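So the structure is just underneath, and the comments pick up after that.
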Amino acid sequence: MARIKVLVVDDSPTMRALIIRQLSRDAGIEVIGQAGDPLEARAAIKALNPDVVTLDVEMPNMNGLEFLERLMRLRPMPVIMVSTLTQKGAEATLHALELGAIDCVGKPIGGSNGEFEDLIEKVHIAASASVKSLGERRPAPALRSADDYAPGADVVALGASTGGVEALMTVLQSFPASCPPTVVTQHMPANFTTSFASRLDRICQASVEEATDGAPLCVGKIYLAPGGLTHLRVVRSGGRLVCKLGTDGPVSGHRPSVDALFSSIAEIQPRRSVGAILTGMGRDGAAGLLSMRRQGAATIGQDEATSVVYGMPRAAAEIGALDQQLPLQRIASAILRAAARQ
């Protein structure tokens, strides 16, 4: 089996050495080159034809975001962004994910003594991802008027992983200001979800916020699970549905976990709920969505053609967890129709 060819792009020789050392631990990965800026990277891509590129956000001559945008227009390929775990770094990385980067990793805290958590796994995922050029992507649908929409469902739950930033933006931009209470788990590093929630809040008609423990679920509000450290569940408290955050161990290999979210809804609000599972690697969310469907909830999965990684939706389909599978651009309207029927 051919090894995955990786090009490492970073202006810091120390950081390049760290990335190369980490990737060299996996026999299935071959680092075929390195570049210190986007101009060197452009020449290396032409000469070496890598399968995956790791790309620093901030570099000389042209920053990583400018380079990524040009790359995704002219020669789209799997890119993993390497970012500082700061608010500025998070915002830049989110922009990169919107432009088509497959995923991101945080730079090690402590310089040369740190390691890149999950980098090897993410390179393997990226190598099998479906990458589309910016020109091929359909624009996000126009915002909907809320005047004639009255939600019937008590809660809508969404789960996503690799490719989920763009997918969630596409779906949630189509929700009206009076959308059903919506809870979202996206696999994302700690600190990044605060910036993601702020970004969604700016572009959506509904109000979007990072979930807090005990926050009541309200019409017109979308709650995003805090990244990295905390599960988001839905529980009953005082006769109403509220967010419940928990720092218990990973579920289905993740924290936050889509399975944890879906399973909590299956336990307390089965028939007046809608669940949707979007692009992502692995099986997180499949079992929880099956529990929701068995209790009478409406369930939807993203189709293979529009998924960056058709892992989580495939797993849900294989075990019979889905009422229907749809292209990304049709999922928002299907959720809203199902919610109205509920």
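The values are calculated or read from the model by the stated rules, or taken from the named source; none is laboratory data. These numbers were taken from a predicted model, which means no experiment stands behind them. All Cβ positions, glycine included, derive from the backbone under ideal geometry; neighbour counts span all protein chains shown.
Tabulated values for the structure
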quantity	calculated
Pair list, Cβ < 6 Å and 6+ apart or interchain, from region 57-69 residues that are in the same structural domain as C104 (by TED's automatic domain parsing) to residues that are acidic (D, E)	M59/D11; M59/D37; P60/D11; P60/D37; N61/D37; G64/D56
Matching residues, region 92-123, being modelled with pLDDT of 85 or more and either in the same structural domain as V308 (by TED's automatic domain parsing) or part of a strand (DSSP E or B) (or both)	D103, C104, V105
Odd one out for S83 among (1) surrounded by fewer than 20 Cβ atoms within 10 Å (Cβ to Cβ); (2) among the polar types (S, T, N, Q); (3) under 22 Å from E166 (Cβ atoms)	(1)
Identity of the residue in region 9-29, outside any helix (DSSP H, G or I) and either among the small types (G, A, S) or free of Cβ contacts under 8 Å to residues at least 24 places away in the same chain (or both), that ends up nearest to A41 (Cα to Cα)	S12
Selected residue (criterion: farthest from V309 (Cα to Cα)) from residues of region 38-56 that are free of Cβ contacts under 8 Å to residues at least 60 places away in the same chain and in a loop (DSSP other than H, G, I, E, B)	N49
Those residues of region 288-308 which are surrounded by fewer than 24 Cβ atoms within 10 Å (Cβ to Cβ) and in contact with a Ser or Thr (Cβ under 6 Å, 6 or more places away or on another chain), in sequence order	S291, R293
Number of the exception - L200 against (1) over 24 Å from I268 (Cβ atoms); (2) modelled with pLDDT under 95; (3) out of contact with any Pro (no Cβ under 7 Å at 6 or more places or on another chain)	(2)
Search result, residues across region 198-209 that are in contact with a helix residue (DSSP H, G or I) (Cβ under 8 Å, 6 or more places away or on another chain) and either part of a strand (DSSP E or B) or surrounded by fewer than 18 Cβ atoms within 10 Å (Cβ to Cβ) (or both)	I203, S207, V208, E209
Sole exception among (1) over 18 Å from the mean Cα position of the chain (by Cα); (2) in a helix (DSSP H, G or I); (3) within 17 Å of V156 (Cβ to Cβ) for A317, by number	(3)
Out of V258, V242, sole residue that is closer than 26 Å to V309 by Cβ and either of a type outside the set (D, E, K, R) or buried (at least 24 other Cβ atoms within 10 Å of the Cβ) (or both)	V258
Residue in region 264-304 that is farthest from E166 (Cα to Cα), counting only those that are of a type in the set (D, E) and part of a loop (DSSP other than H, G, I, E, B)	D284
Filter result for T212 (assigned by TED's automatic domain parsing to the domain that holds A167 and in a loop (DSSP other than H, G, I, E, B))	yes
